[in-house]
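Here the structure is laid out as structure tokens; the discussion comes afterwards.
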Amino acid sequence: MTVTVNEIRKTFLNYFAKNGHNILPSSSLVPNNDPTLMFTNSGMVQFKNIFTGNESAPYKRAATSQKSVRAGGKHNDLDSVGYDVRHHTFFEMLGNFSFGDYFKEEAIAYAWELVTKEFALPKDRLAVTVFHTDEVSRNIWRKISGLPEDRIIGIKTKDNFWQMGDTGPCGYCSEIFYDHGENVWGGLPGTPEEDGDRWIEIWNLVFDEFEDLADGSRIELKQKCIDTGMGLERISAILQGVHSNYDIDLFQNLIAEIANLANSDPNGKLKSSHNVIADHLRSSAFLIADGVLPSNEGRGYVLRRIMRRAMRHIHMLGVNEPMMYKLLPALQKEMGKAYPELYNAEALIKDTIKTEEERFIKTMDRGLKLLDEETINLKSGDTLNGETAFKLYDTYGFPLDLTQDALKAREISVDTDGFNIAMERQKAEARKNWAGSGDAGTDKIWFELQDKLGATEFLGYSTLKADALITALVQDNNEVTEVNGGEFYLLANQSPFYGEMGGQVGDKGTIKCQDTVIEVTDTKKKLDGLHVHVCKLICGSIKTGDTASFEVNKNNRNAIEGNHTVTHLLHKALQNKYGKSVTQKGSMVAAERMRFDIAYNKQIPENELRELESEVNKMIRANHKVDTKLMSQEDAINSGAMALFGEKYGSEVRVVCVGDGISTELCGGTHVRQTGDIGYFNIISESAIAAGVRRLECVTGEMAEKYNQDVEDKLHRVGQCLKASFCDIETRVQQLLEEKKELETKLFELKKKFVSNKAADNPNNYENVNGVKFVARVLENISAKELKAFIDEVKTQYPENLVVALFSINEGKVSVVIGVTQDLLNRLSAVDMIKSVAPIVGAQGGGGRPDMAQTGGADTSNLDKAIDAIRNVIRN
């Protein structure tokens, strides 16, 4: 059966859509709901909180083709990629999921029908495994598949029992295996030959039916779930009749373009290099599209390792210029229809890869040269010392795995223990910088309260005031029933207070209950819609079960709303000017100001900042209406709404629309009713915060007004100092600068004349030392540069037989310059004289030419001795 990868993906999703599943888009490669993961590595990651019961979903069945990366942490396939037939850093995981709907029988039936009918795999090439005590699954397989007993295999190991962690959901697994045929070595699961490549697992069905508790006990889950995973590349290889994943159409098309650009043989001795480049191109492009940029820590460091590994293999193909970025069109052709982010982030992907290639090429040749030098006497089976491997990493940016990869063909290993010891001082810093991924972590107490209370109903889109029932109080990290003083957290069944989310800060305000007054200093959003009010008790007391009046600070909220809406307008203005690749990388929306981080790798010049300001203010003055709509995520995207990659959206989303198509974005924040409510907009700073990321800091409304008033007030004060009107300040400053320059020139000339006149040709202005005219003067507040000019001026008065030494005391330090006329250079040198003076004035040394030399020090107390030292040099 010969079908393309795109057709196989489509067949899988269409099959489950036909069977009542919601087809959901792949989530970002950067998980936002699991602090233990660096990258999304399976289809179930985006559903983890649904599996644990901490979130609810409006659907019971789902199916996805999930982008996945395994290249960091414990899920790391990097070392094997390109050298075997199945490992990848990036792969797609096909999966179907049930949340309390169907269970084992339906899951097994769906799987069997898909592989044997939709994919038309012959039954005699299939086998399945079950956990050895899971007789329910074994009997279902007997009934549905008709497989012989020796093809329904009981496995005792953890391969057939899945656990989310030490605690949480867990359950039996059942795996489907495919037989590649007798010409491939290997045996069925559970046999001594099971590690061979003949029988390959193609689909894992996980039956979540238990929960492991902290006390070590295991109970049945209230809601039984299904989680399955099938590697798209692996099933494609089977359906296309090839043994290696790298021989499927997707990879072969990428490899053909690599060979075309490199003028190389894709099936020659560097076949593995072509595989590595094709694989790493996918992971690099998708990680960048999902907001990861190369850096020296965390996810960015893993991306850099992947990119540089691919670049080294490009170098091995004989290409010594950036090439990897040129492969993006080939990747878009293969995967762009399924993943439009490859087009949306095209400029960012190309620019990021090209920049990294240019940087790496500059250091790679030196690094490889060092590696060759250090290993010239090593032979197959030897080990490179860890210190050298660390030097390659620290000096040339070679990750350890790249060094190992470079030596792999020569069968030379690396002393990883030595490398780790040398790197320990940097590892401590790296551990501090990397604290996991997604949310930083949530206190256990919020999980317990969310489970007990459910979500807070948010009323703040339509009102800033509401009465609510106090449902929980937390003080000193403990749930309490009453608070009589101090700071604490408060939860209610409903609230008009917006909880910090999506870059928008939480609301402030007050809560009142009879004689009790509570100040709300912030509002946080925890888990699935739990609004947590950060409170300070002003007077009285509060207890659970009380009914209280909640009121948001209106002025504070209005200012926040103005700043939030203006982020949408600025985003639009930036994309109008620089293209769709300029995407939001982060934001902070507060009452006083807002900051907006964008993917853009150039400094924005002042004139372009003003153009952006003008465009945004034009949109504000137009007083466009700002509407919000509730739509399905699919309908919102199809309508042209902008979604931010990496953000987590539900099946129903809020869409904020400004004017008639001015701006349309998925956004859960609060906004002004019309753009005119914003008032005015100012960009007050622009800076770089990371490679390829710029930050704009802005103010609106009253704060923009205050900012401009402050600038005007300062200019008025400057005008008063200059005795110039506001409009004439710039002209007056230019006049003063020109006058200053003229006066400095005149003063300099006067100083020169003063010094030279003091050394006029009469016996009292110089002394005769060993037949040489010697002039020595101590001056004040003259720079070393000016002293040199003064030396030249004195020399014009005495062109022959002269040594002149000028000392200048300035801010507690002394500068010394000595000059000698040309006729004396055969016996006297200014350099020798400076060397005699330097230690006396506290200088470390000095230098110059024989006709003029200088030094400087901090000791001004012995200048007479310094002059005597010069006399001694002349006498000798």
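The values are calculated or read from the model by the stated rules, or taken from the named source; none is laboratory data. Here the structure is a predicted model, which is why all the values come from computation and not from measurement. Note that we place each Cβ from the backbone using ideal geometry, even for glycine, and neighbour counts take in every protein chain shown. The area values use the complete protein model at the heavy-atom level, side chains included, leaving out ligands, DNA and RNA. Shrake-Rupley method; radii C 1.70, N 1.55, O 1.52, S 1.80 Å.
Given an 8 Å cut-off on Cα distances and at least 6 residues of separation, report the relative contact order of segment 759-876 as a percent.
Result for segment 759-876 is 22 percent.
Hey, can you rank 736-743, 405-412 by average C-beta count inside 10 Å, highest first?
Ranked from most to least packed, the peptides come out as 405-412, 736-743.
For LYS508, what is the net charge nearby, where nearby means another residue's Cβ is under 9 Å from its Cβ and Lys, Arg count +1, Asp, Glu -1?
Neighbour charge sum, excluding LYS508 itself: -2.
Hey, what number do you get for the chain at 222 nm if only DSSP H runs of n ≥ 4 count, each worth -39500 (n - 2.57), divided across all residues, to the nearest 500? Please report the intermediate quantities before stating the final value.
On the way: 23 runs with 324 residues, N = 876.
So the calculated ellipticity at 222 nm is -12000 deg cm²/dmol.
Report the full-extension gain for the segment LYS379 to LYS785: residue separation times 0.36 nm, less the Cα-Cα distance, to one decimal in nm.
That works out to 140.1 nm of additional length.
Please compute the modelled spin-label separation between ASP150 and GLN734, points set 7 Å along Cα→Cβ, answer in nm with one decimal.
Reported label-point gap for GLN734 and ASP150 is 9.7 nm.
Note the full-extension length gain between LYS60 and LYS625 as 0.36 nm times their separation in residues minus their Cα-Cα distance, in nm to one decimal.
Once the chain is fully extended between LYS60 and LYS625, it gains 199.7 nm.
What accessible area per residue, rounded to a whole number of Å², is obtained for the chain using a probe radius of 1.4 Å?
About 47 Å² of surface per residue is accessible.
How would segment 96-243 be classified by its alpha-carbon gyration tensor: rounded, prolate or oblate, with rounded meaning a/c under 1.5 and the a/b versus b/c comparison settling the rest?
Prolate, since a/c reaches 1.5 and a/b exceeds b/c.
Please sort 581-593, 771-783 by packing, taking for each peptide the average over its residues of neighbouring beta carbons within 10 angstrom, highest first.
Sorting 581-593, 771-783 by mean packing, highest first, produces 581-593, 771-783.
Shape verdict for segment 766-876, please, from the Cα gyration tensor: rounded (a/c under 1.5), prolate (a/b greater than b/c) or oblate. Write out the running numbers ahead of the final one.
Values: a/c = 1.67, a/b = 1.38, b/c = 1.21.
Prolate shape, in that a/c is at least 1.5 and a/b is the bigger ratio.
Given the convex hull over the Cα atoms of the chain, what projected area results after averaging over all orientations, in nm²? Can you show the working numbers first?
Numbers: hull surface 209.5 nm².
Averaging across all directions leaves 52.4 nm² for the Cα convex hull.
Please compute the length gained on full extension between ASN139 and LEU609, using 0.36 nm multiplied by the number of residues separating them and subtracting their Cα-Cα distance.
162.3 nm is the gain from fully extending ASN139 to LEU609.
Taking a 1.4 Å probe, which of GLU321, GLU211 shows the most accessible area, and what order do the others take after it?
GLU321, GLU211
On alpha carbon coordinates alone, what is the Rg over Rh value for segment 529-633, Rh being the Kirkwood radius?
Here Rg/Rh amounts to 1.11.
For Cα pairs less than 8 Å apart in space and 6+ apart in sequence, what is the mean separation divided by the residue count of the chain, i.e. the relative contact order in percent?
Details: 1677 pairs, mean separation 61.2, N = 876.
Computed value for the chain: 7 percent relative contact order.
Accessible area of MET642, 1.4 Å probe, to the nearest 10 Å²?
Surface open to solvent at MET642 totals about 50 Å².
Between LYS18 and ILE219, what FRET efficiency comes out of the Förster formula 1/(1 + (r/R0)^6) with R0 = 51 Å and r the beta carbon distance, rounded to 0.05?
Details: r = 35 Å, r/R0 = 0.69.
Computed FRET efficiency for ILE219 and LYS18: 0.90.
For segment 443-590, would you read off the P(r) tail past 23 Å as a percentage of all alpha carbon pairs? All intermediate terms of the calculation are to be shown ahead of the outcome.
On the way: 4238 of 10878 pairs.
The share of Cα pairs beyond 23 Å in segment 443-590 comes to 39 percent.
Given a Förster distance of 25 angstrom, what is the FRET efficiency for SER413 paired with LYS269, based on the Cβ-Cβ distance and rounded to 0.05?
That gives a FRET efficiency of 0.70.
Report the accessible area of PHE131, computed with a 1.4 Å probe over the heavy atoms of all protein chains in place, in Å² rounded to the nearest 10.
The value for PHE131 is about 30 Å².
Quick one: accessible surface of CYS721, probe radius 1.4 Å, all protein chains present, in square angstrom to the nearest 10.
Approximately 110 Å² for this residue.
Calculate what fraction, in whole %, of the accessible area of the chain sits on carbon and sulfur atoms when a 1.4 Å probe is rolled over the protein chains.
46
What net charge do the residues around LEU473 carry, taking every other residue with its C-beta under 9 Å from that of LEU473, with Lys and Arg at +1 and Asp and Glu at -1?
Local charge sum for LEU473: -1.
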